[in-house]
1. Just one of (1) surrounded by fewer than 24 Cβ atoms within 10 Å (Cβ to Cβ); (2) more than 15 Å from residue 62 (Cα to Cα); (3) within 16 Å of ligand 2 (Cβ to nearest atom) trips up residue 259, so point out which.
2. Please count how many residues of region 148-171 are in a loop (DSSP other than H, G, I, E, B), touching a residue at least 60 places away in the same chain (Cβ under 8 Å) and crowded, with 20+ Cβ neighbours inside 10 Å.
3. Starting from residues that are at negative phi and over 19 Å from the mean Cα position of the chain (by Cα), keep the ones in region 228-259 and report whichever is nearest to ligand 1 (Cβ to nearest atom).
4. Of the residues that make up region 266-275, is at least one at pLDDT 95 or above, within 16 Å of ligand 2 (Cβ to nearest atom) and under 13 Å from the mean Cα position of the chain (by Cα)?
5. Which pairs do you get when a residue that is closer than 20 Å to residue 148 by Cβ and more than 16 Å from ligand 1 (Cβ to nearest atom), found in region 276-298, comes within reach of a residue that is part of a loop (DSSP other than H, G, I, E, B) and at pLDDT 95 or above, reach meaning Cβ atoms under 9 angstrom, with the pair 6+ apart or on two chains?
6. Which one is surrounded by the most Cβ atoms within 10 Å (Cβ to Cβ), of the residues in region 231-251 that are assigned to a helix (DSSP H, G or I) and in contact with a helix residue (DSSP H, G or I) (Cβ under 7 Å, 6 or more places away or on another chain)?
7. Are any of the residues in region 200-222 in a helix (DSSP H, G or I), under 23 Å from residue 145 (Cβ atoms) and without any contact (Cβ under 8 Å) to a residue 60 or more places away in the chain?
Ligand code: MN
Ligand code: MN
């Protein structure tokens, strides 16, 4: 192994000054696998499930594309002034094996997989997969932390009720989460909304489920600082889960996704907002809906890998090793 060995006993990524970044087997950021170390604080976990999509498929290949695009990530994060892979033991925990034909069975596999990874106060960044996976992830984290504030970055509400009578799809996870009491009503927010809706009532229902809506068009007026202020105020001191549907980015920055919508955030805006979440009690995060077959020059996968790096840094800063 050519992994960096830090003085505090932490095993870092494969050293990019010894083995070129394009060489070797692929784990997230070339980090050790969970089974390579005695213990860990933060895990990156793939959830290659996309049987809940309503439009373009293919997010089952998201985790492997994001891992491939993460090879260039280096050990020091200058924006957050932190070396996440030294501050905490970060590992790649592999993928949850999800049944591609039976959604309820897959939801249970994902809940159990996440539960096993975060047990004992550990935290995790999940790589999807379509947005259906957020529901079983929230079930697993609720068992550890109780009800969570949810900050949801997405072009879409994802609080619809059913689609073709199906209750568990990538358009419904946050209605189910609210119904199940997994989220703190009044502490949760959507950021980046901009899709057309079925009816004005969709927004009314959404508010009743406990969310406030920050639309993509609000970025013009509020800017990054204004959006952050609203989010920090909304979440307060509640334990926080952040879910990023990559379609919150404009298709110029993330073409490879299942349900693209024009007029989204830039990668730079989203990175800045995520970094600004540092004061909050983040316990986990996901990045979903990367569908690599629609990608060009790894544009979307690179954005997702960089977003995951910010989450890993935020969680490493909180892990207090
Ligand atoms: Mn979406
Ligand atoms: Mn979504």
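1. If we test residue 259 against (1) surrounded by fewer than 24 Cβ atoms within 10 Å (Cβ to Cβ); (2) more than 15 Å from residue 62 (Cα to Cα); (3) within 16 Å of ligand 2 (Cβ to nearest atom), just (2) comes out false.
2. So the count comes out to 7.
3. Of everything passing the filter in region 228-259, 252 is nearest to ligand 1 (Cβ to nearest atom).
4. So far as region 266-275 goes, yes, one or more of its residues are at pLDDT 95 or above, within 16 Å of ligand 2 (Cβ to nearest atom) and under 13 Å from the mean Cα position of the chain (by Cα).
5. What qualifies is 278/80; 280/236; 280/237; 280/238; 281/237; 281/238.
6. This residue is 246.
7. no
Residue-by-condition table, conditions (1) within 13 Å of ligand 2 (Cβ to nearest atom); (2) over 25 Å from residue 254 (Cβ atoms):
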{"site": "138", "(1), (2)": "no, no"}
{"site": "144", "(1), (2)": "no, yes"}
{"site": "158", "(1), (2)": "yes, no"}
{"site": "165", "(1), (2)": "no, yes"}
{"site": "185", "(1), (2)": "no, yes"}
{"site": "216", "(1), (2)": "no, no"}
{"site": "220", "(1), (2)": "no, no"}
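The values are calculated or read from the model by the stated rules, or taken from the named source; none is laboratory data. Since the structure is predicted, the reported quantities are computational estimates derived from the model, not experimental observations. Positions of Cβ are backbone-derived with ideal geometry, glycine not excepted, and every protein chain shown enters the neighbour counts.
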